[in-house]
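In what follows, a single structure is set out as structure tokens and then discussed.
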Amino acid sequence: MKTKKILPFMILASLLGSGVNAGDCCDGCSVPSRSFGELADGRTAMIYTLTNKSGMKAEITNYGGVVVNLMVPDRDGKLADVALGFDKVSDYEKKVYYFGSLIGRYGNRIANGTFELDGVTYKLPLNNEPGGIPCSLHGGFKGFHTVLWDAEPLVAEDGTQGLKLSYVSKDGEEGYPGNLTVTVHYWLDAANALRISYEASTDKATPVNLTNHSYFNLAGEGSPTINDHELMLKASAFTPVNAGLIPTGEIAPVEGTPFDFRTPHPIGERVDADHPQIALGGGYDHNWVLDNQDGSMALAARVKHAATGRVMEVWTMEPGIQFYGGNFLDASDLSSAKSGKPYPKRSGFCLETQHYPDSPNQPAFPSTILRPGEAYKTTTEYRFSAE
Ligand code: GLA
């Protein structure tokens, strides 16, 4: 997308000019920003407000690249914030649910926090232990969700507003090899799509698996359940897990299981079904093998909330998607989130586009290894509409 840099004089010009507010979206307008508060180490996180011509709004902080607020119209045009999260950056530092965060260097789990690459064994921090079995989750304790990214607001020639986030993850950071240069672009387009494009390059072979960990509730965050949302997943197979939520290596057909979302089903319909994989996941917390495996942009998921008419489609170039039904959300720890309402278990869902968990240890899975000279490039879109 063609972009132009926003220079201070343009911001001033847009504010002084013909009655245009900084928050309005038009060619030449700026992306407003404000402080999102201080981090524990004293640095200031900023928050950037992207708006589009249809009135949708995405507020993104450079702390963890978190999508903090996402205002989406219902069938009557009424906006609600469909993204779970906090209103203080300090809460994001203290409470690690990965609300809205960018995830890296490796999304989801790596078994025992170890993998071998080109004859070298690498050890990663063990920051998670489902079923008492330790693993490395979402890039470790200091994964990309904890990074204060360099941020540059952008306005495309057609007025589309965006945010460019950059970070260099050093060789050895959280145990991973190679200096990894990462750029993420968020764009909020006129058709109500939030597009996230990820790019990376490295100077040593390394696993890379980047995603965004937004939790959604299409009734509005703070609504008590997502069990009434209808979900469709364009996936004929999934990767069953062991007690540590690590894929067994099997690619299992969804046919005849509660994992078959090829036609829409309410999330709550089979979430407590008597199925060994549901028992292991504590509900849905699995990687689906998307039907599209050729790296092109394709529909992966569609979620509908009938009462408000809000629909969210997920389009991606990735081969997998983690549908996580918010089983670890805990109202006692999340008694007062953004709206002042608690976030109980299963009050938000994630659709994390990704390569499969534990791929560095699973030679039969599509490779996640990026080598020097190669370009990591992948895009995911969350497209909103109402019916
Ligand atoms: C992912 C995992 C879940 C859980 C969440 C974060 O979606 O698959 O098991 O760890 O992240 O709470």
* Any idea which residue in segment 84-96 is farthest from Ser336 (Cα to Cα), counting only those that are of a type in the set (A, V, I, L, M, F, W, C), within 15 Å of the ligand (Cβ to nearest atom) and crowded, with 17+ Cβ neighbours inside 10 Å? -> Leu84
* Taking Asp87, is it part of a loop (DSSP other than H, G, I, E, B) and not polar (S, T, N, Q)? -> yes
* **segment 115-133: number of residues that are without any contact (Cβ under 8 Å) to a residue 40 or more places away in the chain and in contact with a Leu (Cβ under 8 Å, 6 or more places away or on another chain)** => 2
* Asked: Does Ile246 satisfy the condition of being open to solvent by 10 Å² or more (accessible area, probe 1.4 Å) and over 21 Å from the mean Cα position of the chain (by Cα)?
  -> no
* To do: Identify all residues within segment 201-221 that are small (Gly, Ala, Ser) and surrounded by 24 or more Cβ atoms within 10 Å (Cβ to Cβ); write none if there are none.
  => Ser214
* Asked: Does at least one position in segment 307-316 carry a residue that is away from the ligand (no atom under 16 Å from the Cβ), touching a His at 6+ places or on another chain (Cβ under 7 Å), open to solvent by less than 50 Å² (accessible area, probe 1.4 Å) and hydroxyl-bearing (Ser, Thr, Tyr)?
  -> no
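Each row is one residue, and each column tells you yes or no for (1) open to solvent by less than 30 Å² (accessible area, probe 1.4 Å); (2) over 17 Å from the mean Cα position of the chain (by Cα).
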site: Phe328; (1), (2): no, no
site: Ser336; (1), (2): no, yes
site: Gly340; (1), (2): no, yes
site: Gln354; (1), (2): yes, no
site: Asn361; (1), (2): no, yes
site: Arg371; (1), (2): no, yes
site: Glu374; (1), (2): no, yes
site: Lys377; (1), (2): no, no
site: Phe384; (1), (2): yes, no
* What are the residue pairs meeting all of these: first residue in segment 333-362, first residue under 18 Å from Lys94 (Cβ atoms), second residue outside any loop (DSSP other than H, G, I, E, B) and at pLDDT 95 or above, Cβ atoms under 9 Å, and 6 or more apart or on different chains? -> Ala337/Asp91; Lys338/Val68; Lys338/Asn69; Lys338/Asp81; Lys338/Ala83; Tyr343/Tyr215
* Structure fact -> Those residues of segment 97-113 that are open to solvent by 20 Å² or more (accessible area, probe 1.4 Å), closer than 15 Å to Pro130 by Cα and near the ligand (Cβ under 9 Å from one of its atoms) come to a total of 1
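The values are calculated or read from the model by the stated rules, or taken from the named source; none is laboratory data. Predicted, not measured: the structure shown is a model, and the values here were computed from it. Backbone-built Cβ (ideal geometry, glycine too); neighbour counts: all protein chains shown. Accessible surface areas use protein heavy atoms only, side chains included; no ligands, DNA or RNA. Shrake-Rupley method; radii C 1.70, N 1.55, O 1.52, S 1.80 Å.
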